[in-house]
Each structure stands twice: as C-alpha cells, then as structure tokens.
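J.: So that we are looking at the same thing, I have put the structure below in structure tokens.
Values quoted throughout were computed directly from the atomic coordinates according to the rules given, and no laboratory measurement underlies them. A quick note: this is a predicted structure, and the numbers were derived from the prediction, not measured. Here the Cβ positions follow ideal geometry from the backbone for every residue, glycine too, while neighbour counts run over all protein chains shown.
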Amino acid sequence: MSVEARRYAVFGHPIAHSLSPEIHSAFAKQLGIALDYRVIDAAPVVFEAEVRRFFAEGGHGANVTMPHKLVALAMADEVTEAAKRAGAANTLTHLGNGRIEAHNTDGSGFVRDITERHGFDLRGHDALLLGAGGAAKAVAWALMDAGVKTLTIVNRTPERADELADAIGEPARCHTRYWDGLDGECFDLVVNATSIGFDGGKFDLPMSIVQDHSTAYDICYGTAAAGFKGWAVAAGVRPDWFRDGLGMLIEQAADGFERWHGQRPDTDPVYRELRQRF
Ligand code: ATR
C-alpha cells in the first residue's frame with residue numbers, strides 16, 4: 001500500500017524562482033518522506049483565502065514569502081514567540097479544523113548558518129544590523145539570544161530601529177544609531193537585512209566600521225547580495241569572510257521541515273548543491 005504524500009506549499013507573489021520546493025524535496029528524499037510540495041502564486045488580495053482553501057483541502061503546512069509575511073501572522077490563531085518577535089511569519093502549520101499556527105524560522109536559520117556552517121561564535125562580539133523590517137527583527141532577536149556583546153541597529157527610517165531596540169528592551173546591550181552616525185565605530189560583524197541590494201542601491205556607510213577581522217553577512221544571496229559584498233570588500237572585509245544568505249535560506253527551511261516532519265535533515269549536501277549555482 002502506498003503512503004499518501006502530505007501536502008505542503010510555498011505562497012508568494014511573485015514566486016516562480018523560489019528554491020523552497022527544491023530544498024524541501026531534497027530533505028524529504030534524504031529522509032524517505034513522501035512529499036507533495038507546491039508553489040502557489042497568490043496576489044495579496046487572495047492570499048488569505050488561498051491559504052485557507054489549501055488547508056481545507058488537506059494541506060498540512062505552508063511556507064510564506066514576500067509580500068505575505070505580515071498577513072500570514074495576522075491570520076493565525078496561534079502565534080509562536082519567534083513569529084511574535086519578528087512581527088512576521090514564514091511558516092504556517094494547519095493545526096486542524098481550520099486553525100492555523102504562525103511561526104518564524106528566519107532568526108534561528110540565520111544563527112545556525114553563521115555559527116554552525118561558518119564557525120562564527122557570536123558570543124562576545126559587537127554586531128551591527130542594517131535594517132528594521134521583518135527579516136531584520138528576526139535576526140536582531142536571534143543575535144541577542146545568541147549572546148552578542150552589543151547589537152547596534154541602524155535603519156533608513158530611524159523610528160523603526162528605535163521601536164525594535166525598545167521591543168528588545170536591553171539598552172545596555174542593544175541600541176540604535178542614525179544611519180549617518182556610525183563614524184568612529186568598528187564592528188566584528190555587520191549584517192545587511194535591508195532590501196537595498198534588490199534595488200541596486202548603494203551602501204552609504206563609513207568604511208571605518210569594519211576592519212580585516214570583521215565578518216560581513218547579507219541575508220540575501222546571489223546577485224541581490226553583490227552590492228553589499230562589493231561595499232564590504234572595498235571597506236576591508238576579507239572576501240572569504242563575506243557570507244551571503246544562501247545558507248540561512250536552507251537552514252530556515254530545515255527548521256520548518258523539522259517542525260512539520262519531526263526529523264532534522266542534513267543541510268550540507270543541499271547547501272553544496274545550491275552553492276554551485278549561486
Ligand atoms: P523585510 O520584511 O523583507 O525585511 P521590509 O519590512 O520591507 O522587508 O524591510 C526592508 C528594509 O530595507 C527596511 O529596513 C528598509 O528601511 P525603511 O524601514 O526605512 O523602509 C530598508 N530599505 C529598503 N530600501 C532601502 C534604501 N534604499 N536605503 C536604505 N534602507 C532601505
């Protein structure tokens with residue numbers, strides 16, 4: 001008797017280039033799990049209805065990407081601490097009877113990638129975070145939980161950075177600066193969680209904020225990370241100490257996969273395979 005595949009999907013708009021189906025399928029194959037994982041392109045006006053329909057028709061879990069992460073949080077009946085902190089959800093689970101749980105694996109995926117894959121021990125280091133959107137929030141909390149010595153947050157709209165630092169509520173360790181007020185500071189780690197790279201914008205930051213011992217990390221990967229890499233290397237970061245977000249993408253997927261299937265996949269073979277292409 002064949003086992004019926006459990007149904008999952010990723011929702012986004014646009015979504016054609018998502019790597020999620022390939023990543024989840026590779027994990028499932030590795031662990032011998034039968035999986036039906038679809039891509040659903042849902043415009044914002046139909047997103048919530050499409051998710052509810054998917055779950056009503058037997059869907060078990062859904063990944064959610066741009067631009068739906070805020071609505072995904074708002075429509076849920078149960079919200080995990082990680083999703084609450086990020087103010088956004090990237091993982092929805094059908095709890096039964098139409099009830100939905102919202103979770104966020106961006107922060108845990110980021111920390112797992114930078115610590116376990118890249119061997120960067122966050123404890124005791126001074127970190128700078130660029131951005132204060134949903135992804136940045138997840139990363140900020142994760143950096144704090146992982147034990148950074150200090151976390152400085154800058155954002156184009158400074159009020160959003162202040163709100164995030166206030167929510168974290170550890171002023172001795174986490175504070176904000178104005179985007180153009182970083183002169184004279186130097187960081188062990190600079191994380192780009194803005195969408196500047198998607199728009200081909202420039203990183204207008206003093207080069208003195210990094211030295212050759214600094215690590216730079218862009219939560220985007222591929223061409224979207226090229227602009228920040230260019231800035232970081234020009235500022236003195238060693239090229240092999242620049243990391244992009246491909247590993248974070250795979251680790252956040254693995255965290256969602258483990259939540260749904262109760263088994264943790266080995267992410268290294270998937271990372272090696274995708275690294276050849278990006
Ligand atoms: P996400 O949920 O993916 O993080 P978002 O909430 O739209 O997306 O956040 C995008 C981030 O990139 C924000 O921090 C945004 O700054 P604002 O809060 O001022 O909007 C930042 N960002 C986008 N374009 C930028 C630019 N050209 N220069 C500086 N920051 C930019």
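J.: Filter the strands (runs of 3 or more DSSP E) completely within segment 48-122 down to those with at least 2 residues that are touching a residue at least 60 places away in the same chain (Cβ under 8 Å).
T.: Because the criterion is at least 2 residues that are touching a residue at least 60 places away in the same chain (Cβ under 8 Å), the strands (runs of 3 or more DSSP E) in segment 48-122 that meet it are 59-64, 91-96.
J.: Within segment 80-101, track down each residue that is touching a strand residue (DSSP E or B) at 6+ places or on another chain (Cβ under 9 Å), over 12 Å from ASN63 (Cβ atoms) and hydrophobic (A, V, I, L, M, F, W, C).
T.: Within segment 80-101, ALA82, ALA83, ALA88, LEU95, ILE100 meet the criteria.
J.: A follow-up question, please. Suppose we keep only residues that are over 14 Å from MET248 (Cβ atoms) and surrounded by 13 or more Cβ atoms within 10 Å (Cβ to Cβ) within segment 217-227. Which one would you say is nearest to the ligand (Cβ to nearest atom)?
T.: GLY227
J.: Just to be sure before I move on: is ALA62 within 16 Å of the ligand (Cβ to nearest atom) and of a type in the set (Gly, Ala, Ser) in the structure I sent?
T.: Against the criterion (within 16 Å of the ligand (Cβ to nearest atom) and of a type in the set (Gly, Ala, Ser)), ALA62 does not qualify.
J.: Could you list, in sequence order, all residues of segment 137-172 that are part of a loop (DSSP other than H, G, I, E, B) and in contact (Cβ under 8 Å) with a residue 12 or more places away in the chain?
T.: Residues satisfying the conditions are ALA146, GLY147, VAL148, LYS149, ASN155, ARG156, THR157, GLU170.
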